[in-house]
1. Tell me, what HN-Hα J-couplings in whole Hz come from the Karplus equation 6.51 cos²θ - 1.76 cosθ + 1.60 at θ = phi - 60° for each residue of the range 62-73, using x for Gly and Pro?
2. What does the charge dipole of the range 42-105 about its Cα centre add up to, to the nearest 20 debye, if the Cβ of each Lys and Arg holds +1 and the Cβ of each Asp and Glu holds -1?
3. Please provide three numbers in whole Å: the alpha-carbon extents of the range 108-249 along the principal axes, with the largest listed first.
4. What does the charge dipole of the range 108-249 about its Cα centre add up to, to the nearest 20 debye, if the Cβ of each Lys and Arg holds +1 and the Cβ of each Asp and Glu holds -1?
5. What is the Cα coordinate range of the range 198-250 on the first, second and third principal axes, sorted by size from largest, in whole angstrom?
6. Can you tell me how much longer the chain between Lys224 and Leu73 gets when fully stretched, taken as 0.36 nm per residue apart minus their C-alpha distance, in nm with one decimal?
7. Among bridges DSSP assigns within the range 42-105, what percent are antiparallel (round to 5)?
8. Quick check: convex hull of the Cα atoms in the chain, volume per residue, rounded to a whole Å³?
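What follows is calculated from the coordinates using simple rules that are stated; it is not laboratory data. Remember, it's a predicted structure, so these values are computed and weren't measured experimentally. Note that we place each Cβ from the backbone using ideal geometry, even for glycine, and neighbour counts take in every protein chain shown.
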Amino acid sequence: MDPIRPNKKISLNKIMTVLVCLLVFILALIYCRYQQVFTVKQIIVHNQNELNEKQIIHASGIKRGANMFDLELGAGIDRLIAEPYIFNAYISREFPDVINIHVIERQPIVMIRLKEDYALDAFAIMLPSPMNYPTNSMPVITGVDRELPFEMGKPTFHPDIRYAINFVNYVQQFSEEVKSYCSHITWSEDKGWIIQKDDDYPKVYLGKNDLEKRFDILDAFISKMEKEDIDMRDYKYVSLRFNGQVIVRD
């Protein structure tokens, strides 16, 4: 039995060492907590544009002075994603006292005029009218039912609006000059979709279906007019509603 005693002694020493280290670690944590070493002193927000830093911090529910270990980061992320303009978010601790909030915002691509002006992103998500995006350069959709029910931050499944969003996404591949003809997009129950560059330019009647195909025809027609040095403003209207034909009225 004698040879076993040294091993028992070594094991006991190891256990005591581990216990002492654990005790020191716990006491260090208690001391740090008492001294407020691990309290939130700085919150850094990354990649914000529409929402400012103060709005994002408030939405996250994280406050300066909170204990770093007590924060429920998952709940903070859920609160951020509930904001209409925030598509995704990530929160991380940077010890001893910094919280980093990273956000990915939705980007409005078109305005829509209902009872008030709202914005839509590329996925038909309804957004409040933006403050920090150039709304004057965005297409504006009008003519849709002003009583349209919707939920902010959620996609609208109204077929006319989704059709218009798909059309606006398609138009992005063209030049700025051609895209400008979609500055005003109007829905008419009788004539379908109507686009117009501004009041000095003619209305372009696209119809109700195959908007992408009809816009390709319009693109070719605009290029032809430019080559022939014909001013589109000389026309009263342009219609592409009938079998791919371009019908103009002087």
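1. With the stated coefficients, the range 62-73 comes to 8, 10, 5, x, 6, 6, 4, 7, 8, 6, 9, 5 Hz.
2. 140 debye
3. Sorted largest first, the three principal extents are 47, 32, 24 Å.
4. Values: 18 positive and 23 negative charges, 67 e Å.
Charge dipole, the range 108-249, about its Cα centre: 320 debye, nearest 20.
5. Largest to smallest, the principal-axis extents are 29, 22, 17 Å.
6. Working: separation 151, 0.36 × 151 = 54.36 nm, distance 5.79 nm.
Once the chain is fully extended between Lys224 and Leu73, it gains 48.6 nm.
7. Details: 8 of 13 bridges.
Approximately 60 percent, going by the DSSP bridge assignments.
8. Numbers: hull volume 52.9 nm³, N = 250.
Cα-based convex hull of the chain, divided per residue, equals 211 Å³.
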